[in-house]
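Data first, discussion second: the structure below is written as structure tokens.
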Amino acid sequence: MDYSKYCREFRQKRKECLAKANYQCERCGVKHRSFAFNRNHEIYIVYLAACHLFKEQKMEKDAFLVCLCMRCHYFLDHPRNF
Ligand SMILES: [Zn+2]
């Protein structure tokens, strides 16, 4: 599979995913590009990402995507620390 093609398609998918989720994290509801505070009480801007809910679908064109903020994405990748 051509990875550059995958990236292009993924960018489009990401846009669709964010739009569908109304630019809000699907887990905690935080809004795209809003402000939040990290553990050290420092301000940061929330960026939402389209995440593969099922890891085994990572290279699939029609993989199931969820729109998550960085924090929720981290929990998805590290469920044991949750
Ligand atoms: Zn979230």
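Any read-out appearing in this document is the output of simple, stated calculations on the displayed coordinates, not a laboratory observation. Note that the structure is a prediction, hence the values are computed from the model and not measured. Positions of Cβ are backbone-derived with ideal geometry, glycine not excepted, and every protein chain shown enters the neighbour counts.
Below are the figures for this structure:
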item	result
Burial ranking of peptide ranges 45-51, 67-73 (average Cβ count within 10 Å, highest at the top)	67-73, 45-51
The chain: relative contact order as a whole-number percent, Cα under 8 Å and 6+ apart	27
Mean projection area, nm², convex hull over Cα of region 10-82	5.2
Cα long-axis angle, helix 3-20 against the chain (0 to 90 degrees, to the nearest 10)	50
